[in-house]
Each structure stands twice: as structure tokens, then as C-alpha cells.
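Chemist: My questions all concern the structure below.
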């Protein structure tokens with residue numbers, strides 16, 4: 001007899017995500033220089049929250065490239081995690097491990113693809129560090145670097161009132177750090193929601 005429980009995995013995953021969302025904490029602080037309030041979204045003592053989702057295989061929790069190489073596609077389950085910046089970071093990184101665990105020592109050449117680490121959320125800007133930035137700027141090619149920045153920007157700007165992502169890394173041949181919005185990628189990518 002065929003199983004009609006195909007809806008069970010997304011339901012269980014969604015419940016796990018909700019549990020993590022309910023246990024998260026946010027602290028609002030004001031910069032003494034008068035800039036907009038920043039929201040510090042602390043990681044747990046063991047790093048970012050762990051959730052039961054297989055990000056390596058499931059692109060449905062983030063934006064990704066479609067069958068046509070010039071198309072960005074919104075994942076079906078993005079709405080389930082869009083209010084939790086830590087989960088959005090995990091989705092972009094395709095891992096629930098602490099992004100620091102992927103950092104290559106400074107004296108070595110990076111062999112691990114780049115990951116992003118949350119620095120701060122200030123107003124409508126999400127600040128992230130690109131770990132293994134040299135891999136992004138020197139090893140992925142300009143198309144690969146553009147794809148990673150586009151996927152990260154589209155996924156992270158799903159978060160509440162975020163409109164921009166400020167990427168922090170050393171400039172290289174294939175990518176430039178700085179402030180990006182979705183509009184910065186519309187000349188290269190078609191968008192499919």
C-alpha cells in the first residue's frame with residue numbers, strides 16, 4: 001500500500017524550526033554615535049541554533065539557481081525561516097555548523113568554499129563576514145562569486161525589514177566587498193518566486 005505521508009517531513013521540520021524560533025533571543029542596543037539601533041542576534045553558547053533540516057540536499061530553505069543557469073529561484077520553505085536570521089545564515093551556508101568551523105588558517109590557502117558569518121543587523125542592513133573570502137575572490141570565477149553573493153543577498157533580505165547585505169571580505173579579482181541589494185543582481189539574473 002503506498003504511503004500518503006509525503007507531507008510529514010516538512011511538517012516535522014517546520015515544527016523544529018518553530019521551536020528554535022521561540023527559544024531565540026534578541027537584544028536591541030543603540031550605537032553611541034547616533035546611528036540607527038542595531039539588533040544583536042546572539043548565537044547560542046554552542047554556536048548558531050541547530051535545527052533538523054538537511055541543508056546540503058534541500059535548497060528549498062533558500063534562494064538557489066534554477067535549471068536555467070541565469071535564474072534565481074525562491075525556495076518553497078523560505079517563509080518558514082524568514083524571521084530567524086540564524087536559520088537564514090544556515091540555509092545560505094548549507095550547514096547548521098558554526099561558520100567559524102570552516103575558516104582556513106591564515107597561512108594556508110582556502111580549500112573550503114566560503115561561508116558567511118553574521119556580524120550585525122543595523123536598520124535595514126545585514127552585515128556579514130565572508131569566511132574563506134579568498135576562495136570567493138580568487139577560486140570561484142566571477143560567475144561563481146556573483147552567484148554566491150546573489151543567493152546570499154536574496155536569502156538574507158527575506159529577513160524582516162532587511163533590504164541590504166553588507167559583505168565584509170578582502171577585495172579580489174572576482175568579487176568586491178560592500179553593500180548589495182537585490183537590484184544589484186537583476187541585470188545578471190532572472191527572478192522566479
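Every number in this text was worked out from the coordinates using simple rules, so none of it is lab data. Only a predicted model underlies this, so the values are computations on that prediction, with no experimental measurement involved. Quick reminder, even Gly has a Cβ in these numbers, built from the backbone with ideal geometry, and neighbours come from all protein chains shown.
Chemist: Can you tell me how region 78-121 classifies by the Cα gyration tensor, rounded, prolate or oblate, using a/c under 1.5 as the rounded cut?
Modeler: Prolate shape, in that a/c is at least 1.5 and a/b is the bigger ratio.
Chemist: Another question, if that's okay. Could you tell me the calculated FRET efficiency between residue 83 and residue 192, based on Cβ-Cβ distance and R0 = 30 angstrom, to the nearest 0.05?
Modeler: 0.85
Chemist: Still on this structure, I have one more. For a Förster distance of 22 Å, can you work out the FRET efficiency between the beta-carbons of residue 119 and residue 173, rounded to the nearest 0.05?
Modeler: Once the sixth-power term is evaluated, E becomes 0.35.
Chemist: Separate question: So how much slack lies between residue 161 and residue 100, counting 0.36 nm per residue of separation and subtracting their Cα-Cα distance, in nm?
Modeler: Value of the extension gain: 19.3 nm.
Chemist: Gain in length, residue 76 to residue 138, computed as 0.36 nm per residue apart minus the alpha-carbon separation, to one decimal in nm?
Modeler: Extra length from residue 76 to residue 138 when fully extended: 19.1 nm.
Chemist: Related question: Of all the Cα-Cα pairs you can form in region 105-193, what percent are over 19 Å apart?
Modeler: Considering region 105-193, 36 percent of its Cα-Cα pairs are separated by more than 19 Å.
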